[in-house]
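Okay, structure first, notes after.
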Amino acid sequence: PMSEIIWTDVGRDTARLLSRYIQIDTTNPPGNERKSADFLEGFLSSRSVQSTIYTPAPGRANLLAKLEGDGSERPIMLLHHMDVVPANTVRWAEEPFSGTLAYGHVMGRGAIDDKGLGVMQLMAFGLLKDSGVTLKRDVLMLAVSDEELGGKCGAQWMVKNHWPDIQCEFVWDEGGTGTLGIMGDRPVFAVSVAEKRGMIVQLTAKGAGGHGSFSANSPLILLVSAPNRLKSSQWPGQFGEVTKSFLRNVSETQSFPSSWLVRNASMPPFRSFMVKKLASIPVINAMLRDTVTVTSVQSGAGMNVAPDSSSARLDVRLLPTTEKSEFLRKLKSVLGDDSILIESAEPPPKIGSSAMDSEFYETLARVIYRRVPQSIVTPIQTPAGTDSRFFRQKGSQAYGLLPAVLTQADLDTMHGVDERISIANLELGTRIIYETLLELCA
């Protein structure tokens, strides 16, 4: 029974589990997620839960487990990815894959993205199994490979090749989180119901090259100046329905007149002013507009050789309403140089947002309000891409939330240095997931 669970013990157990999970290096590339899948399978087996491991490629793996319901309602899925981004070992206070437990935190690559959510789901899944309650819907748990590089060996592969095994009504994925101190002094839980579409663009400039002592008009000069134009250019701000709902909700964190302005930010008289004001908050700025980030520049082969070709790679994130052709026309205009070749990959297809009034969303919000009084729960359009898009394409209602309360300092460690999550947050997140599952499924 829920009343008999000692949640402080659950928090400590979840922390120890996360520490061991982090110690399995699943840096992508190459991923090597099979070891993680075996680790998760071992935990589930200890709770008498059978699981299936799928092998899309050598060394890669996806794991699926299921608690069976009576079938009166459609399944719900707990989803997380096992792979992590690379870590620059030199800059970390602790070794990135040590899983160090210190100062009330678990340290290591993946603590937030996404092994932290994974162990919360895993512990809640185990507690639900131990409770012995009769379920009205199947509860699935899926751990996938390759999310950080697009999902071709992970969620995308599973949806394409094993959809009958994983079809579901609701998906609980990453994409949003709770925060404190970013918008006012109340905890804000931003639940992802939609996301921007990622697209890789490559710029290439060519020239004559020659000796470094006298060559002029190097193509590298063109690509050094081009990012400056991209940075200074203001891509127009837009207020979609999800963003309007987000601003209405977070306006409660502000005092008058700021609260009134944020709530009415999309209205024509204040629109231009509020776009500029909101742009000072990076995550909100990314919600309002298409974004362009230069992630790499490649040029040159020798100290005294002027290169005859230079290229730059751009990480582009498009709003759900932006057409690819429209964006590329704008990009060409901003660059202002017809000699720069623009090549682009195909972005994911346009997908509608998940419902903001579904049984899942309303149940999750109710549990959060009970566990974190005075908090605000709001839908959000996340600036980053997640595996949720593959499930939304199939008609599932997908939601992204790491149910923890993070500060800006915590968020800065994600994909950065000294990634960490507190044991208190692991306890809170596990409890929110468990209680939400009970209300939705029991």
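The values are calculated or read from the model by the stated rules, or taken from the named source; none is laboratory data. Nothing here was measured: the structure is a model prediction, and the numbers come from that model. Heads up, the Cβs are rebuilt from the backbone with ideal geometry, glycines too, and the neighbour counts pull from every protein chain shown. We work out accessible area using only protein heavy atoms, side chains counted, and drop any ligands, DNA or RNA first. Shrake-Rupley method; radii C 1.70, N 1.55, O 1.52, S 1.80 Å.
Summary table below
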{"quantity": "Identity of the residue in region 284-313, open to solvent by 70 Å² or more (accessible area, probe 1.4 Å) and in contact (Cβ under 8 Å) with a residue 40 or more places away in the chain, that ends up nearest to ALA345 (Cα to Cα)", "calculated": "ARG313"}
{"quantity": "Pair list, Cβ < 9 Å and 6+ apart or interchain, from region 177-197 residues that are under 20 Å from ARG371 (Cα atoms) to residues that are among the aromatic types (Phe, Trp, Tyr)", "calculated": "THR177/PHE189; GLY178/PHE189; THR179/PHE189; ALA190/PHE246; VAL191/TYR361; VAL191/TYR399; SER192/TYR399"}
{"quantity": "Residues that are touching a Phe, Trp or Tyr at 6+ places or on another chain (Cβ under 8 Å) and hydroxyl-bearing (Ser, Thr, Tyr), drawn from region 376-395", "calculated": "THR378, SER388"}
{"quantity": "Where VAL316 falls short, out of the listed (1) surrounded by fewer than 20 Cβ atoms within 10 Å (Cβ to Cβ); (2) at pLDDT 90 or above", "calculated": "(1)"}
{"quantity": "Failed criterion for VAL405 (all others in (1) in a loop (DSSP other than H, G, I, E, B); (2) closer than 22 Å to GLY184 by Cβ hold)", "calculated": "(1)"}
{"quantity": "In region 128-141, the residues that are in contact with a Lys or Arg (Cβ under 9 Å, 6 or more places away or on another chain), surrounded by fewer than 20 Cβ atoms within 10 Å (Cβ to Cβ) and farther than 21 Å from ASN62 by Cβ", "calculated": "ASP130"}
{"quantity": "Residue within region 141-154 that is assigned to a strand (DSSP E or B), closer than 20 Å to ILE53 by Cα, in contact (Cβ under 8 Å) with a residue 40 or more places away in the chain and more than 17 Å from the chain's Cα centre (by Cα) present", "calculated": "yes"}
{"quantity": "Of all residues making up region 25-44, the number that are touching a residue at least 60 places away in the same chain (Cβ under 8 Å), open to solvent by 30 Å² or more (accessible area, probe 1.4 Å) and under 21 Å from the mean Cα position of the chain (by Cα)", "calculated": "2"}
{"quantity": "Considering residues of region 5-24 that are over 24 Å from the mean Cα position of the chain (by Cα) and open to solvent by 40 Å² or more (accessible area, probe 1.4 Å) only, the residue nearest to LEU122 (Cα to Cα)", "calculated": "ASP13"}
{"quantity": "Failed item in (1) buried (at least 19 other Cβ atoms within 10 Å of the Cβ); (2) part of a helix (DSSP H, G or I), with TYR369 passing the rest", "calculated": "(1)"}
{"quantity": "Of the criteria (1) outside any loop (DSSP other than H, G, I, E, B); (2) surrounded by 20 or more Cβ atoms within 10 Å (Cβ to Cβ); (3) touching a Pro at 6+ places or on another chain (Cβ under 9 Å), which one LYS66 fails", "calculated": "(2)"}
{"quantity": "Hits in region 45-56 - residues which are out of contact with any Ser or Thr (no Cβ under 9 Å at 6 or more places or on another chain), assigned to a loop (DSSP other than H, G, I, E, B) and either surrounded by 13 or more Cβ atoms within 10 Å (Cβ to Cβ) or aromatic (Phe, Trp, Tyr) (or both)", "calculated": "ARG47, VAL49, THR55"}
